[in-house]
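Below is one structure, written out as structure tokens, with a few remarks after it.
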Amino acid sequence: MDQTTLQSLEKLNQLRLTDAEKEAVLAFFARQDKEMAVLDAIDTERVERMVHVMPILTVVREDVEKKLFTRDELQKGAPETMDGYWQVPRLVE
Amino acid sequence: MKFETVIGLEVHVELATKSKIFCSCSAKFGAEQNDHVCPACCGMPGMLPIVNKNVVNLGMTAGMMLNCHINRTTTFDKKSYYYPDLPCSYQTTQWFAPVAVNGLVDIETSKGKKSIRIKQIHMEEDAGKLVHDDWTNTSLVDFNRTSVPLIEIVSQPDLSSAEEVVAYLERLRSLLRFAKVSDCRMEQGSMRCDVNLSVRPEGSDQLGVRTEMKNMNSLSAIVRAIEYETARHIDAIENGTEELVQETRRWDDVKGKSFAMRNKETAGDYRYFPDPNIMPVVIDDTWYDGIKNSLPEFPEVKKARYMSEFGLGEYDADILTGSRALCDCFEGAVAECGNAKEAANWLISDCMNLLNKNQQTADQLTVNGTSLGKLIKLVTDGTIGRGNAKKILIAMFEKDLDPAKYAEENGLILSNDTGLIDKVIKEAIAADPKAVADFKGGKEKALMALFGKCMKQLKGNCDPQVLRTMLIDEINKA
Ligand SMILES: [Zn+2]
């Protein structure tokens, strides 16, 4: 992790970090890199990719429509709303 | 130098489910803003997605219709991008093991037949809608469409002209409508298309610089966009008018031009990773076979069968197999009445007329095939007249009903009471001696006047042939 990668991640996540926060993040990733290097040293050539640790499958549900919440309930915690919409800072297209 | 265009398409199709992909909210189009929402599709912390089985059913169905291999273990992944129309700041989609891969779609154009390879079909959720408010200078968010289920059909770059693209999209639409995967209505956004296009010297095996146009939603706009982009690429290569760069462009159909979109420096960095909240979906044999056995015949197979099995002409068979709803009704009616010719006539003339009158498409036909078959039987065995049968059909458009019972209740049964017919005729003749004289004197029209009066008196419940014969007999006696 270097300054450039950090900058592009900031941009992708729409975050702004202070210099002190950047220091902390870089130090954190430096430690992670060391541990990853240990893992990278292991030969995984013929090991199949594992995504889920538990041998369980997903549960599916039937296609039934239910209305469980009202708009007002859901927007209770919203900082700003207008005419039933959530209101956010304007985005330039 | 001669050039060839290389086009690959990503087609998004909204699935015909009742509820959303990961929650029970309605997936219906056109509600008041934020009416179809819940904590899950609003991305509230702690909510977990539960996969809608019907989404997997329709994903598999689409895959099978397009000759794909179905991945019997299929998984969901997170595609990260930060935008307010996406409440979780990632879209749940499929990247590593999509539901269907390696398909083939046959198309036909003026240049002949061609097979287009399908790279993959994956299931995913739609995003919400943003409205920009100039007055408050803010953006307003509607999450009704968030998590509405989609499939994305990704083709290989096998298409080489606007004509082929149109043929391909029409073929997809026909197959997916037939299998009831989606209504594929471009004007409502339930079918949209991203066009990836590049140009290279004819015969070259190297691909040129590729540009992408997103969210195209009409066939005519797609044709214009492809023609414009092709010309722009060729101009750039031949005359050096501009330097082509790999980018996403927006097609402005009013101006007839494409424009580069901003923010391209971050585009494409989606950091896909497996969704830890959704375990793999494993499609066992029972599930797989159930879907396989429920697939419809392909439209052209059905058409050939209608012609050979039922003796329909090509024109009639073509119209019927243009819509799954017409086919279902036709087959139901034939099973009931055994008269394919009549069933085809009733559908192609009467039902289509009524649909047109209601400004509906053939796919919106709701008439029950068995009931239509019963109606046809009542007409052919002389129980009801054709005119009254049409009245019953109109009622059948409103709701399914038993034609015999309806005819009984509304006095639409043909009268076999020759005594009554005889009485009505005698009265009509007595009331209008001039018409009788005119007819005897050679005026054919005079008969129609008497015929009309009798029919009115009988409330239409009389076989026209019977009435005509009896009427002429009576006049000749007079
Ligand atoms: Zn929901």
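The values are calculated or read from the model by the stated rules, or taken from the named source; none is laboratory data. Since this is a predicted model, take the numbers as computed values, not measurements. Please note: Cβ atoms are built from the backbone with ideal geometry, for glycine as well, and neighbour counts cover all protein chains shown. The area values use the complete protein model at the heavy-atom level, side chains included, leaving out ligands, DNA and RNA. Shrake-Rupley method; radii C 1.70, N 1.55, O 1.52, S 1.80 Å.
Where residues in region A:1-34 are among the aliphatic types (A, V, I, L, M) and surrounded by 13 or more Cβ atoms within 10 Å (Cβ to Cβ), which of them is nearest to the other protein chains (Cβ to nearest Cβ)?
Here the answer is A:Leu12.
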Okay, strands (runs of 3 or more DSSP E) sitting entirely in region B:99-158 with 2 or more residues that are under 21 Å from the mean Cα position of the chain (by Cα), I get B:100-109, B:112-125, B:149-155
Suppose we keep only residues that are assigned to a strand (DSSP E or B) and of a type outside the set (Val, Ile, Thr) within region B:22-74. Which one would you say is farthest from the chain's Cα centre (by Cα)? B:His69
Could you check region B:397-448 and list, in sequence order, the residues that are of a type in the set (A, V, I, L, M, F, W, C) and under 36 Å from the mean Cα position of the chain (by Cα)? B:Phe397, B:Leu401, B:Ala404, B:Ala407, B:Leu412
Selection from region B:220-229 of residues touching a residue at least 40 places away in the same chain (Cβ under 8 Å) and out of contact with any Leu (no Cβ under 7 Å at 6 or more places or on another chain) yields B:Ile222, B:Val223, B:Glu227
Criterion violated by B:Pro84 - all others in (1) within 16 Å of the ligand (Cβ to nearest atom); (2) part of a loop (DSSP other than H, G, I, E, B); (3) open to solvent by 20 Å² or more (accessible area, probe 1.4 Å) satisfied: (1)
Going by the structure shown, is B:Gly460 of a type in the set (Gly, Ala, Ser) and free of Cβ contacts under 8 Å to residues at least 40 places away in the same chain? no
Answer yes or no: is there a residue in region B:15-33 that is touching a residue at least 40 places away in the same chain (Cβ under 8 Å), more than 16 Å from the ligand (Cβ to nearest atom) and assigned by TED's automatic domain parsing to the domain that holds B:Arg177. yes
Of everything in region B:65-112 that's of a type in the set (Phe, Trp, Tyr) and farther than 24 Å from B:Val37 by Cβ, which residue is nearest to the other protein chains (Cβ to nearest Cβ)? B:Phe96
Which residues, taken from region B:210-244, are β-branched (Val, Ile, Thr) and open to solvent by 60 Å² or more (accessible area, probe 1.4 Å)? B:Ile237, B:Thr241
State the number of residues belonging to region B:34-45 that are open to solvent by less than 10 Å² (accessible area, probe 1.4 Å), near the ligand (Cβ under 7 Å from one of its atoms) and at the interface with another protein chain (Cβ under 9 Å from one of its Cβ atoms). 1
Number of positions in region B:307-326 that are without any contact (Cβ under 8 Å) to a residue 40 or more places away in the chain, in a helix (DSSP H, G or I) and open to solvent by less than 40 Å² (accessible area, probe 1.4 Å): 4
Residue in region A:45-56 that is nearest to B:Ser26 (Cα to Cα), counting only those that are open to solvent by less than 100 Å² (accessible area, probe 1.4 Å) and facing chain B (nearest Cβ under 9 Å): A:Ile56
